[in-house]
1. Using a cut-off of under 16 Å, list every residue of the stretch 364-383 whose amide N is near the label point 7 Å from the Cα of residue 198 along the Cα-to-beta-carbon line.
2. Express in nm, to one decimal, how much length is gained between residue 322 and residue 344 on full extension, taking 0.36 nm for each residue of separation and deducting their alpha carbon distance.
3. Leaving ligands, DNA and RNA out of it, report the carbon-plus-sulfur percent of the accessible area of the chain at a 1.4 Å probe.
4. Distance in nm between label sites at residue 126 and residue 21, each 7 Å beyond Cα in the beta-carbon direction?
5. Rounded to the nearest 500, what is the 222 nm mean residue ellipticity of the chain from helices alone, with -39500 (n - 2.57) per DSSP H run of 4+ residues and division by all residues?
6. Quick one: helix 139-158 against the long Cα principal axis of the chain, what's the angle to the nearest 10°, folded into 0 to 90?
7. Between residue 414 and residue 94, take the C-beta separation as r, use R0 = 25 Å, and let me know the FRET efficiency to the nearest 0.05.
8. Suppose R0 equals 35 Å. What FRET efficiency, 1/(1 + (r/R0)^6) with r the Cβ-Cβ distance, do residue 386 and residue 435 give to the nearest 0.05?
Amino acid sequence: MAASPPPYNPVPVAYQGGAGAVPVWLNKGDNAWQMVAATLVGLQSVPGLVILYGSIVKKKWAVNSAFMALYAFAAVVICWVSWAYKMSFGDKLLPFWGKAGPALGQKFLINQAALPASTHYFSDHKTVETAEITPWYPMATMVWFQCVFAAITVILLAGSVLGRMNFKAWMMFVPLWLTFSYTVGAFSLWGGGFLFHWGVMDYSGGYVIHLSSGIAGFTTAYWVGPRVKKDRERFPPNNVLLVLAGAGLLWMGWAGFNGGDPYAANTDSSMAVLNTNICAATSFLVWTWLDVIFFEKPSVIGAVQGMITGLVCITPAAGLVQGWAAIVMGVMSGSVPWFTMMIVDKRWKLLSAVDDTLGVVHTHAVAGFLGGILTGLFAEPELCALFLPVTNSRGGVYGGSGGMQILKQIVGALFIIGWNIVVTSIICLVLRCIVPLRMPEEQLLIGDDAVHGEEAYALWGDGEKYDVTRHELYSDDTSHAQKYPSSGATQVV
């Protein structure tokens with residue numbers, strides 16, 4: 001007797017799971033998007049910020065600045081899979097910290113992704129309000145997606161100390177700051193920590209990434225000390241066109257940055273990507289208009305700063321607000337950080353005394369804090385229900401519990417600010433007992449060739465007009481030419 005045919009399955013064969021590398025819980029679309037989103041965020045760092053840092057600084061610091069970013073990316077990857085992922089998204093150790101552990105074995109990585117501390121209960125602590133976060137793809141995808149966020153945070157921090165931090169100190173600083181600062185913010189707000197369960201909104205890292213990198217960068221700049229006087233007085237970008245290339249990678253990569261945070265290719269992801277571009281474009285235009293109105297010239301570097309502040313500001317709100325709110329946030333992010341950078345920075349002694357090379361405290365800390373507060377104001381209830389663990393969450397303009405939400409956002413920001421100031425200061429104080437945080441004066445005067453034995457261009461000058469009395473040699477100080485002879489590959493050319 002012939003065997004009966006298998007029952008009809010309306011699901012196409014390509015989407016039927018249950019065997020081998022396609023378990024029944026795997027959603028191929030979600031997995032593909034999450035890996036693409038992770039790659040987009042990775043491209044923001046490498047080569048995005050590598051190019052941007054290497055081109056926005058004075059010529060003599062191009063190699064050092066780019067390499068600081070590249071080194072940080074590589075170091076974070078190893079630290080992340082060795083212990084830091086589980087400190088950020090693993091089982092709860094403390095209300096603000098997860099238990100450390102490796103994320104390297106296949107028994108862990110090929111299982112369905114899950115954030116074990118994310119189950120949210122009602123006030124009775126027994127009834128589940130929102131189930132544990134369990135995306136429809138493997139842990140390996142989640143680990144890598146979160147890794148590139150950790151990496152870009154440290155790289156953003158580096159923008160505050162370009163042009164003078166001892167590279168050996170930076171090599172030690174990266175794993176320490178990742179371990180004792182970043183993991184705390186990530187677990188507290190995303191991994192199931194106390195701010196996550198309290199209902200503080202941070203859709204994609206306005207606090208975890210941008211506020212923390214801005215505050216930690218400013219704090220590190222304070223302890224490292226300033227650039228040499230000559231660099232502080234004149235620090236022209238060595239290649240404005242490459243600055244735009246790096247900025248473009250940042251902007252387009254933000255689709256993965258914000259669009260990947262619903263952990264699925266869903267409607268909220270689409271909303272987040274659209275809002276990201278609306279806010280960034282608005283902020284870009286507002287910053288440019290302000291430059292024209294007050295300085296009579298549209299600055300390319302200024303426009304890039306405006307683009308970045310718009311992207312930063314919308315990050316905590318990307319999938320939680322409506323399009324009109326994204327425009328309002330763009331207007332605010334193009335004007336408030338512009339005011340703090342152009343006006344307040346020159347009048348407030350604390351800001352002017354600390355040499356924050358790229359103004360990260362303005363573009364990331366101020367913009368991130370601003371975005372967090374505006375999220376608490378504009379978060380739309382229906383969109384909140386698509387993403388947040390606390391039901392009935394809403395922004396202040398929608399009444400109800402919205403007023404309390406603004407308070408939550410302020411408290412969350414203060415925790416991130418306070419933690420980063422204290423922990424970053426401790427790390428710097430410990431490190432300077434081992435190695436100087438700042439380069440020696442001889443290296444500061446010459447730059448890349450003294451530090452790395454390499455230069456970005458076999459050309460004279462630092463983006464300045466040619467002057468035979470100043471540009472006959474590559475160095476700012478020709479008296480040190482023999483002490484640090486040229487040895488890099490560029491010198492062979």
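1. The answer is 372-373, 376, whose backbone nitrogens lie closer than 16 Å to the label point.
2. Numbers: separation 22, 0.36 × 22 = 7.92 nm, distance 3.10 nm.
That works out to 4.8 nm of additional length.
3. Ligands and nucleic acids excluded, carbon and sulfur reach 68 percent.
4. About 4.7 nm separates the two model spin labels.
5. Mean residue ellipticity at 222 nm (helix-derived): -16000 deg cm²/dmol.
6. Taking Cα atoms only, the helix is inclined about 30 degrees.
7. Numbers: r = 19 Å, r/R0 = 0.74.
According to the calculation, E is roughly 0.85.
8. Working: r = 48 Å, r/R0 = 1.37.
Computed FRET efficiency for residue 386 and residue 435: 0.15.
The values are calculated or read from the model by the stated rules, or taken from the named source; none is laboratory data. Since the structure is predicted, the reported quantities are computational estimates derived from the model, not experimental observations. Please note: Cβ atoms are built from the backbone with ideal geometry, for glycine as well, and neighbour counts cover all protein chains shown. Protein only, heavy atoms only, side chains kept; ligands, DNA and RNA dropped before computing areas. Shrake-Rupley method; radii C 1.70, N 1.55, O 1.52, S 1.80 Å.
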